[in-house]
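Worksheet for the structure shown next.
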Amino acid sequence: MTAPASFSTLAFERKVAAPPATLWQAWTDPSMRALWAAPSAEVTVDFLQADTRVGGREISLCRAKGQPDIRCEVGWLLLAPPRHSVNYEVLQSGGHTLSTALVTAEIAPEADGSRLRVTVQLSSAAEDMETGYRQGFGAGLDNLIRLSGRMMVFERDIAAPLDTVWAAWTDPAALPQWWGPNGYSCRTARIDLREGGEWVFDMIGPDGTVYPNHHRYTRHVPRARIDYTLHWGENGPKHADASVRFEDHGGRTRVTLTMIFATAAEYDAAKGFGAVELGQETLGKLAAYVGASRAPVAAPEGKA
């Protein structure tokens, strides 16, 4: 016999030491969601499908040893960056629906960061899901807060077609010509910018200091997205995970580069030597390379 449905409203609130645009990226970007969604180290979340736009769906499987898999379907109903989102969420296991929910998120700026408020209107179907939902969802949000604290987001609108900007980032002959902050140059050992490829190179500063780098490319979605990892020198320790998104805006291109540093200490060190400003200079050189240099998108403190 099917248990009668029960209804509840859950409210979560978190203070975040990151600006709204950074928190928005962590909340909506599928790669970021895959990192913080699991409530504990004993649980894994595998994303099978992700389309973060109004009308788009996200499908993931939540797995825990000794427990049946839980399928989660998210559908985006409203996206108003960087302040407001609404989505539905359906949990299923063994072909049976466990719960459905309407999730509303609100991000508000504060003097030293942001405040996240999430309201979940939950309908439990097969059993009372409120306690488990409250614990699991709350743990995921705690992970989100920690992740946001070591993220940087760089954004720039470029007055050039998407195909032109994409080519500048994916052509092995082009990328080394503009990559890096003002006054820096690149010396390449080998380069393969395809998914599964790598770029081993030295960044050379204005004073001649050499900074060995190694990028490993893990994902390519043509004309839309590139994911890669940054290492300190060839096969060295990982410094950060990065993702760059390309969006067409009526013949212009919006480029959003997100970096998640390996540790909070790495983030603090990068911010201390000016990574926010240097990252924006790099996107400025990209704009200049494609012949469309213009002022960067205005950004709050902590976002390039």
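The values are calculated or read from the model by the stated rules, or taken from the named source; none is laboratory data. Nothing here was measured: the structure is a model prediction, and the numbers come from that model. All Cβ positions, even for glycine, are placed from backbone atoms using ideal geometry, and neighbour counts span all protein chains on display. Just so you know, the surface numbers come from the protein's heavy atoms only, side chains and all, with ligands and any DNA or RNA stripped out. Shrake-Rupley method; radii C 1.70, N 1.55, O 1.52, S 1.80 Å.
Accessible area per residue was computed with a 1.4 Å probe on protein heavy atoms; SER148 scores about 0 Å².
Ordered from highest to lowest accessible area with the whole protein assembly present and a 1.4 Å probe, VAL54, VAL290, VAL153 read as VAL54, VAL290, VAL153. Think of the chain as a dipole: +1 on every Lys or Arg Cβ, -1 on every Asp or Glu Cβ, centred on the Cα centre; then among GLY233, ILE145, ALA101, GLY233 lies furthest on the positive end. For the stretch 120-188, the Cβ-based charge dipole about the Cα centre amounts to some 420 debye (Lys, Arg positive; Asp, Glu negative; other atoms uncharged). In percent, rounded to a whole number, the relative contact order of the stretch 60-153 is 17, using alpha-carbon pairs under 8 Å and six or more apart.
In a solvent-free Debye calculation with one equal scatterer on each Cα, what is log10 I(q)/I(0) for the stretch 171-304 at q = 0.12, 0.19, 0.20 Å⁻¹, listed in the order of the q values? Result of the Debye calculation: -0.47, -1.35, -1.52. Neighbours of MET203, meaning other residues whose beta-carbon lies under 14 angstrom from its beta-carbon, give a summed charge of -2 when Lys and Arg score +1 and Asp and Glu score -1. Hydrodynamic estimate: the Kirkwood radius of the chain over Cα pairs, inserted into Stokes-Einstein at 25 °C and 0.890 mPa s, corresponds to D of 118 µm²/s.
Taking all protein chains together and a 1.4 Å probe, the residues ARG254, ARG223, ARG33 rank ARG223, ARG254, ARG33 from largest to smallest accessible area.
Only helices enter the 222 nm calculation for the chain: every DSSP H run of n ≥ 4 contributes -39,500 (n - 2.57), and dividing by all residues gives -7000 deg cm²/dmol, rounded to 500.
Can you pick out the pairs among LYS15/LYS271; LYS65/LYS271; LYS15/LYS285 whose Cα atoms lie more than 27 Å from each other? Beyond 27 Å between Cα atoms: LYS65/LYS271; LYS15/LYS285. Whole-Hz Karplus values for the stretch 94-105 come out as x, x, 10, 7, 8, 6, 10, 8, 10, 10, 10, 10 Hz, taken residue by residue from phi with 6.51 cos²θ - 1.76 cosθ + 1.60 and θ = phi - 60°; glycine and proline positions read x. Put VAL244, VAL221, VAL45 in order of accessible area, highest first, and with a 1.4 Å probe you get VAL221, VAL45, VAL244. What is the Cα centroid distance between the stretch 80-115 and the stretch 218-296, reported in whole angstrom? The stretch 80-115 and the stretch 218-296 have Cα centres spaced 27 Å from each other.
Considering only ILE158, GLN135, ALA242, the residue lying farthest towards the positive end of the dipole of the chain is ILE158, judged by Cα position with unit charges set on Cβ. For the chain, a simple Cβ point-charge model (Lys and Arg +1, Asp and Glu -1, everything else neutral) yields a dipole of about 260 debye relative to the Cα centre. Taken as Cα centroids, the stretch 123-189 and the stretch 1-66 sit 16 Å apart, rounded to the nearest whole angstrom.
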